[in-house]
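Bear in mind these aren't lab numbers, they're just calculated from the coordinates by the rules spelled out. Just so it is clear, the structure is predicted and the values come from calculations on it, not from any experiment. Neighbour counts are summed over all protein chains in view; Cβ atoms, including those assigned to glycine, are modelled from backbone coordinates with ideal geometry.
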Amino acid sequence: MPEPIGWPDDPDSPPPLPASSLMVEDGLELLAPIEGDARELFVTVDENREYLREWLPWLDDVNSVDDELAMIRRIRDYKNFNWVYLIREYGDLVGVVSLNWVDWDNRSFGLGYWVSESSSGRGIITKSCKRVIEHCFVDLKLHRSVIEVAADNHPSRAVAERLGLRLEGISKDREWLYDRFTDSVMFAITAPEWNIQSGAN
Ligand SMILES: CC(C)(COP(=O)(O)OP(=O)(O)OC[C@H]1O[C@@H](n2cnc3c(N)ncnc32)[C@H](O)[C@@H]1OP(=O)(O)O)[C@@H](O)C(=O)NCCC(=O)NCCS
C-alpha cells in the first residue's frame, strides 16, 4: 500500500490504495476479491438473494458469475474510488464490507455491508466495519466515516449505532428500492471522535 504522503500540506498527493487484506481477529479476515472469487461470491449472493433484496438495491443486476467478475475487475484499479472486502471466517465467505465511495478531496468515505443470513447475529459485520474504519482513519488518513441506512432497516441502524456513529439526519426518498423510494438515515463519525471513543474503550 503506498503511503498517504503529503496530505494535508499537499492536497494533490495521490490517494493511497486500501490494503488488500485486513485481519479482524483470529479466523476472521477481510480480503480484496480476486477473479477466482467470482463464482463463490455469486453463489453466496444467489443463496441469500431474497434476504439481501429487502434492503440492497443491486440484486437484480447480479445474475451470473460474469456479473461478479465484472465488479471485481471494476474495483481492482480503484479508479472510481470504491473498494470491496470479502469477509472470510476460517476461509468461508460470509459477507462483504465495502467502501461504496471515497471522497478524497474531503477525506470522507461511505461504508456498505452485508452478511449471509446464516452468519448474521454474531457481530461479524460490526467487527469487520470497525477494522475497515480503523484502516481508513489510521492508514489512509481519511477523516470522516459515513453509513447511510434505509430508515426502517433496523439491523443495519444497530450496526452504525454499535460502532458509535452519530445520527446526522434523515433524507426523504433517498433511495429507489425496486418498487418504492425509501427514506435513509445518515450516520457519521470523524477520526478525532473515533480516537476519543477508542481511547475510552
Ligand atoms: C445489516 C446486517 C449486515 C446486520 O447484520 P448483523 O449480523 O445483525 O450485524 P452484526 O454482525 O454487527 O451482528 C450484530 C448481532 O450480533 C450480536 N453480537 C454477538 N457478538 C457480538 C460482538 N462481538 N460485537 C457486536 N455484536 C455482537 C449482537 O448482539 C447483535 O445481535 P442481535 O441482532 O440479536 O441484536 C444484516 O442484517 C444484513 O446483511 N442485512 C441485509 C443487507 C443490508 O441490509 N445491508 C445493509 C445496508 S445499509
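Do any chymotrypsin sites (Phe, Trp or Tyr not before Pro) in the stretch 38-137 lie in a DSSP loop with no more than 11 other beta carbon atoms within 10 Å, and if so, which?
Tyr90
Only counting other Cβ atoms within 10 Å, I'd like His154, His135 sorted with the fewest neighbours first.
Ascending Cβ contact count within 10 Å gives the list His154, His135.
Would you order Thr182, Thr126, Thr44 from fewest to most other beta-carbon atoms within 10 Å of each residue's own beta-carbon?
Ranked by crowding around the Cβ, least crowded first: Thr126, Thr182, Thr44.
Mind putting together the pair-distance distribution for the chain? All Cα pairs, 5 Å bins, whole percent per bin, short to long.
1, 7, 15, 19, 21, 18, 11, 5, 1, 0
Where in the stretch 81-156 are there trypsin sites (Lys or Arg not before Pro) that are in a DSSP coil and have at most 14 other Cβ atoms within 10 angstrom of their Cβ?
Of the trypsin sites (Lys or Arg not before Pro), the ones in loops of the stretch 81-156 whose Cβ has at most 14 other Cβ atoms within 10 Å are Arg122.
Using only helices, what value at 222 nm comes out for the chain when you add -39,500 (n - 2.57) per DSSP H run of length 4 or more and divide by the total residues, to the nearest 500 deg cm²/dmol?
Taking each H run of at least 4 residues, the total per residue is -8000 deg cm²/dmol.
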